Structures are given as C-alpha cells and as structure tokens.
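Here is the structure we will look at, set down as structure tokens.
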Amino acid sequence: MRINTDDVQPKLAAGQPLDAMDRKILCALVEDATQSYAELGHKVGLSAPAVHERVKRLKRSGIIRKVAAIIDAEAAGKGLLAFVHVDTTGWGKTPQLLAISEHPEVEEIHSVAGDTCIMLKVRARDTHALEGLLARIYAAPGVVATRSYVVLSTYLERPPQPAHTATWSTVDDWREAAAVSSRP
C-alpha cells in the first residue's frame, strides 16, 4: 500500500488551526499514547515517518503538552473524589491560596465565574484527609467559605478531545425525539 506523505507540515505556525490529519492523530493518541508510530500511521493512513514528524511538530508547538499515565485512583489509595468551591474576599487568587497546589490531593485549580471564586478537583484517601485539606484551605488569608461536593459515581472522565461535534441538535430536535419516544 502506497501512502502519500507530502502533506507533512514542518512546523505549526502560532495560531494555525489543526488540520483534519492532526486531529486524527490526536484522537488516536488520546486513546493510547503508547502505540508505535507504525501503529499510529496505520490507523490514520500515513507512514510512520510522516506521523513521527507530525507528532514532533505538535509537541514543538505545545499542542501536545505532555504524555502522562492515567492511574487508577483506588489503587493509588485516593478513592474519594470531591470538587471544592472556595469563596474568598477580594480577588482571591492569592499566592497563599494557590500554594494549595503543593498538596498531591489537589489535581486541578480553576478560577471560575459564578457563585464561587476558585474550584478545586481533589482526590483524597478518605473524608478525614479531605477535612485536613479543607483546614489548610481555610488557613489561607481571604478564604471565607468552602462547599465540597463528594462524587458518588463517575460516568465520564477524559482528557480534552480533539474532535468537534459536526452538528448540534436544536431544542425542536429534542422535543421531536421526546414526543416519538413517549408514543405507545
């Protein structure tokens, strides 16, 4: 099988959008980043060297920021997942509060709009470990309240997906589908 590799781009310019082949490669890598360039090339229809060059370009441009292992939280002894909303006085993103990132239980810190200032994604051993982390959060100057949402079940957890939804359903599409499913 002869594969055309003429469309390998040497460098992704700043702000240049991803092309369809880049998205195919990224989709395959999100599923399994350990596959060889030959396997990856077979999946997307390019030669191994062409895929290798594209992956190198995606890494150089910062689109692929890093490759990491996704571990099982239970096996790591962190079976409690919680989202913690932190309310602060003023701006809130103080160095003292952001220093909470030093704790391995804190997986994500987001500055958000809405009824809270900061949102944390936290994985802890148990409720006692979560309570200890909350005590440290409260010790940061300017923190006035927290709300913790303990996760009971997770149905979907994944990294950013490079693909786009081709079309979005309208409210009328949903109503029509609901009407059809409610018919005897």
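Values in this text are rule-based calculations from the coordinates and carry no lab data. Nothing here was measured: the structure is a model prediction, and the numbers come from that model. Here the Cβ positions follow ideal geometry from the backbone for every residue, glycine too, while neighbour counts run over all protein chains shown.
Remarks
- Identified option (computed P(r) over Cα pairs in 5 Å bins from 0, in percent; candidates (i) 1, 6, 9, 9, 7, 5, 4, 3, 3, 3, 4, 4, 4, 4, 5, 4, 3, 4, 4, 4, 4, 2, 1, 0; (ii) 1, 9, 18, 23, 22, 15, 8, 3, 1, 0, 0; (iii) 1, 6, 12, 12, 10, 10, 12, 12, 11, 8, 3, 1, 0): (iii)
- Of the residues Ala166, Ala75, Ala28, the one that moves most in a GNM of the chain with alpha-carbon contacts below 10 Å is Ala166.
- Relative contact order (%) - criterion: Cα under 8 Å, at least six apart; region: the chain: 21 percent
- Relative to the longest principal axis of the Cα atoms of the chain, helix 127-139 runs at roughly 80 degrees.
- Build a GNM of the chain with springs between Cα atoms under 10 Å apart, and of Asp172, Asp19, Asp87 the one that fluctuates most is Asp172.
- Put simply, the amide H of Thr88, placed in the peptide plane, has neighbours under 5 Å in Cys117, Val144, leaving out anything fewer than 5 places away on its chain.
- Trypsin sites (Lys or Arg not before Pro) within region 57-119, DSSP loop, no more than 12 other Cβ atoms inside 10 Å: Arg65, Lys66
- Applying the criteria of a DSSP loop state and at most 10 other Cβ atoms within 10 Å to the GluC sites (Glu not before Pro) of region 107-184 yields Glu157.
- Within-14-Å neighbourhood charge of Ser182 [Cβ basis; K, R +1; D, E -1]: +1
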